[in-house]
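The values are calculated or read from the model by the stated rules, or taken from the named source; none is laboratory data. Just so you know, these numbers come straight off a predicted model, no measurement behind them. Glycine gets a Cβ as well: all are built from the backbone with ideal geometry, and neighbour counts include every protein chain shown. Surface accessibility is based on the protein's heavy atoms, side chains included, excluding ligands, DNA and RNA. Shrake-Rupley method; radii C 1.70, N 1.55, O 1.52, S 1.80 Å.
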Amino acid sequence: MTTSPRENGIVAGRLPDPVLQENFCDLHAPLDAHEAHVAADRCYFCHDAPCMTACPTSIDIPLFIRQIATGTPDAAAKTIFEQNILGGMCARVCPTETLCEEACVRETAEGQPVEIGRLQRYATDTVMAKGVHPFDRAKPTGRTVAVVGAGPAGLACAHRLAMLGHQVVVYEARPKSGGLNEYGIASYKSVENFAQKEVDWLLQIGGIEIRHEAKLGQHISLEGLQEDYDAVFVGMGLGAVNALGLDDAKVGVADAVDFIAELRQSSDLSTMPIGRRVVVIGGGMTAVDAAVQAKLLGAEEVTIAYRRGKEAMAASAFEQKLATSKGVRILYNVAPVGVTGNGSLTGVTLAYTESVEGKLVLTDDTFTLPADQLFRAIGQTLSAAPRGLEFEKGKIKVDAAGHTSAPGVWAGGDCASGGDDLTVTAVAEGRDAAMNIHTVLMGGK
């Protein structure tokens, strides 16, 4: 028996199983061979391709699309994987609408870019479905490297190092590998346990051991890894969530990342409790993922409250449109100033914001939204930061090659001071750090 979406409180089973299954099916259906050929034929195969420049991993996009157009998707997949070994997941979760597809010449001329993301998925899925790994491992070098974190940066680093002949041990704090690919993205973006299938496929290169439930600062130390290995790469991600600064220690208040992780690990969506009226504080992809999934679970009212204007929202225009298309309301220029309820949440009080001389200020104009569930999605911070490293703006300070301030230690991904917090950027940083580690271990500079 299902629970009515109009029932107050946080309860499970607001929608029947068939509706839940439909709600959480693949966001973008994969292309079949004919559709892929048609989509590939739209590419101009630009010589100085702006899409390639816009890709953080610098995939040769015109080449792989031409390979699809000529009927060789396996070759296309290898072109992708040479630059981005997690190309399958990136094809699913990358904000292509603000990266390669936004830069596409077709987008500029017609407002309709080549479907680069879906073509990338077509090529990578074709190879992965065969269980084929396109790379061979080099002769063992006798060198060992420890990688902290089995997320996108750590996995990309480990794979490239193993491919170059090094022996790699990955230490992962959680029971499963994948990092945000496994625990941190909306379920409808990665269905059928794809994150774990991708990890298993990646490990076919050999030379990589993953040790789960091994947390830095608790089960292992940076100093110990430095003693035991020839090099160390830290790709531990961000483990803590920024606080709202309110008295929000009430039943019904939680971090959006925890909600997303719990939903991702659920084998039965009908058991996932959700509120009748849900408020999400934040303006990034995590806020949208949490809000949309709350609506798909059967919440009657879901509101995203963001402190700045629409144009400043970190979530792309596509993600914002996706949210509103699913029935999520987005309130701009509002910030939380209080919560109501005796023990359990009953409402969220918001104040309108204004920009005064370039600074965001709260006005005295407030209102209260009824709510029995509140999710915080206002960014993450580095937790259990390893000692002995320099930090910059709350992240591990690294140079262009991924070097930290400690000898023999590199870092990349969300925990490092490099680029933006995207899966594809983390992959690029892990891969590039691996190349530099290899150079140093083999006697270079």
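Before moving on, here are some points about what is shown:
- Solvent exposure of the chain as accessible area per residue, Å², 1.4 Å probe: 44 Å²
- A simple count of charges around I330, restricted to other residues whose Cβ falls under 11 Å of its Cβ and scoring Lys, Arg +1 and Asp, Glu -1, yields +2.
- Shape call, segment 128-262: gyration tensor on alpha carbons, a/c limit 1.5: oblate
- Within the accessible surface of segment 1-99, defined with a 1.4 Å probe on protein heavy atoms only, the carbon and sulfur portion equals 54 percent.
- Here the gap between D26 and T340, fully extended at 0.36 nm per residue and compared with their Cα-Cα distance, gives a gain of 109.3 nm.
- Positive contributions from Lys and Arg (+1) and negative ones from Asp and Glu (-1), summed over other residues with Cβ under 14 Å from the Cβ of K310, come out at +2.
- Selection from A40, G206, T363, by position along the positive dipole direction of the chain (Cβ): G206
- Atom-type composition of the exposed protein surface of segment 284-440 places 49 percent of the accessible area on carbon and sulfur (1.4 angstrom probe).
- Protection-proxy order for peptides 80-90, 56-66, each taking the mean of Cβ atoms within 10 Å per residue, highest first: 80-90, 56-66
- Working from label points 7 Å from Cα in the Cα-to-Cβ sense, the S4 to Q265 distance is 3.4 nm.
- Among 6-15, 226-235, the order from most to least packed when residues are scored by Cβ within 10 Å on average: 226-235, 6-15
- Three-way shape call for segment 228-351 based on the alpha-carbon gyration tensor, with the a/c threshold at 1.5: rounded
- Total formal charge among the other residues, if their Cβ is under 13 angstrom from that of R143, Lys/Arg +1 and Asp/Glu -1: -1
- Label-to-label distance, nm, for residues given as Q112 and S58 (7 Å Cα→Cβ offset): 3.4 nm
- Computed lengthening from H219 to A129, 0.36 nm per intervening residue step minus Cα-Cα distance: 28.8 nm
- Here segment 1-90 yields Rg over Rh of 1.25, to two decimals, using C-alpha coordinates and the Kirkwood radius.
- Sequence of E392, E22 from largest to smallest accessible area, 1.4 Å probe: E22, E392
- DSSP assigns beta bridges within segment 209-358; of those with both partners inside it, close to 40 percent run antiparallel.
- Once the chain from Q196 to D48 is taken as fully extended at 0.36 nm per residue, the excess over their C-alpha distance is 49.7 nm.
- Relative packing of 309-320, 140-151, which averages over residues the other C-beta atoms within 10 Å, highest first: 140-151, 309-320
- Of all beta bridges that DSSP places with both ends in the chain, some 40 percent have antiparallel geometry.
- As a calculated quantity, the FRET efficiency between E311 and E392 at R0 = 22 Å, using C-beta atoms, amounts to about 0.20.
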